[in-house]
1. Over the Cα atoms of the stretch 188-298, compute the convex hull volume and normalise it per residue, giving Å³.
2. So what's the projected area for the stretch 154-212, the Cα convex hull averaged over all directions, in nm²?
3. Sorted by packing (mean other beta-carbon atoms within 10 Å per residue), highest first, where do 166-177, 112-123, 284-295 land?
4. With the convex hull built on the Cα atoms of the stretch 187-244, state its orientation-averaged projected area in nm².
5. Within the chain, how many Lys pairs that are eight or more residues apart, or on different chains, come under 30 Å at the alpha-carbon?
6. According to the Kirkwood expression over distinct Cα-Cα pairs, how big is the hydrodynamic radius of the stretch 98-248, in Å?
7. Pop the C-beta distance of Val63 and Ile326 into the FRET formula with R0 = 25 Å and round what comes out to the nearest 0.05.
8. Taking the Cα-to-Cβ direction at Ala6 and at Ala116 and moving 7 Å from each Cα, how far apart do the two end points lie in nm?
Amino acid sequence: MLTLAAYFHALDPFILRISGDLGIRWYGAAYITGFVVAYLILQRLAKRRLILIPESRVYDAMVWLVLGTIAGGRLGYALVYDQPLLYTFKPAFPFWSLLAINQGGMASHGGMVGLAVACWRISRGWPDDTGRVVGKAPVLHIMDCAALLAPFGIFFGRIANFINGELLGKIVSPPGTPGPWWSVQYPQELLDRLSSPERLIQTPEQWARIDALSQTVAPDQSTGRRMEALARSYGRYQQELAPLLSSRHPSQIYQAIAEGLILTLVLWLFWLKPRKAGLYTAFFLIVYGVGRVLTEFIRLPDAQLAVQRFAGLSRGQWLSMGMVLIGGLLLAWVQSRPRPRFGARPSPVPAP
């Protein structure tokens, strides 16, 4: 059905819903897909001896990368965006809210810190049956390997953000007026009514129509629950809601392109030439950071933050600017020192 925007978001975040909030979600599938792709690429590189991780230890390396990504991403989200997760307990499992990853909440910057810790562990190598350590490598080389793999997971994660209807973009056309061909209408914007009403621009008459519709969807419920039910109706009330919703930038798609596709293209082009260990990580930090800063100008900050912007920039932008700075310093430091070169061509690394 045609709407005032090019697309009305009516996607269900569940691939398979078992009961209530229990089921297989696109978000979880995105993480699994990213890890599987990373494993296959890492295994291929190790088999061709293009990296210092032995082929027999690729699985062990991936276990550390997975744990580092998930633990870092979750802790980073709690520390930067939602501190109550660190100490809130619930009467039902999982008792500690920090462990409720099924309810979302992962920070990409935190995931990268977790990856760096995992890379340090992988760089220490593993003892073989004789007690000899195999697979020991410069930590910057392992970080280069992780940087090569990370954009795939970031891309799938941003696509999952779009399916979930989260991390909404800025409004480009108010309710009731035609939006550009590339814009999207998200029913999920109604969830901001209680937490951040200043981010919505519906008129009192439009809100009255939305409230009346919510009472037909979830009668005898609180306003918050009615809005939640209406926002998650997944297109069943598309005709009624379309004239009452804003048209927005699909910021998740922009970030999937910038942090996934463009970053992958740039990094793989660098991978074709021999380079010093650490240069690849530096390029990753710079390109990712610049892309994140630019795309967050058209993405709304997280609604739960008391202070959503500092000096006009979101927390994600400040963290990304820090990444660019670190990447620039790392680039200068690595270039200033004589180091062995690694690369896909023309000379693979020696077998461990």
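1. On the way: hull volume 14.6 nm³, N = 111.
Spelled out: Cα convex hull of the stretch 188-298, divided by residues, is 131 Å³.
2. Details: hull surface 19.9 nm².
One quarter of the hull surface, i.e. the mean projection, equals 5.0 nm².
3. Values: 166-177: 17.8, 112-123: 20.5, 284-295: 22.0.
Result, highest mean Cβ count within 10 Å first: 284-295, 112-123, 166-177.
4. Working: hull surface 14.1 nm².
The orientation-averaged projected area of the Cα hull of the stretch 187-244 comes to 3.5 nm².
5. Details: Lys47/Lys136; Lys47/Lys273; Lys47/Lys276; Lys136/Lys273; Lys136/Lys276.
Lysine pairs, 8 or more places apart or on different chains, close enough: 5.
6. On the way: mean 1/r = 0.0525 Å⁻¹.
This gives a value of 19.1 Å.
7. Numbers: r = 26 Å, r/R0 = 1.06.
It comes out at approximately 0.40.
8. It works out to 3.7 nm between the two label points.
Read the figures in this text as sums done on the coordinates, not as results from a lab. None of these values were measured; they are calculated from a predicted model. Ideal geometry is used to build each Cβ from the backbone, glycine not excepted, and the neighbour counts take in all protein chains shown.
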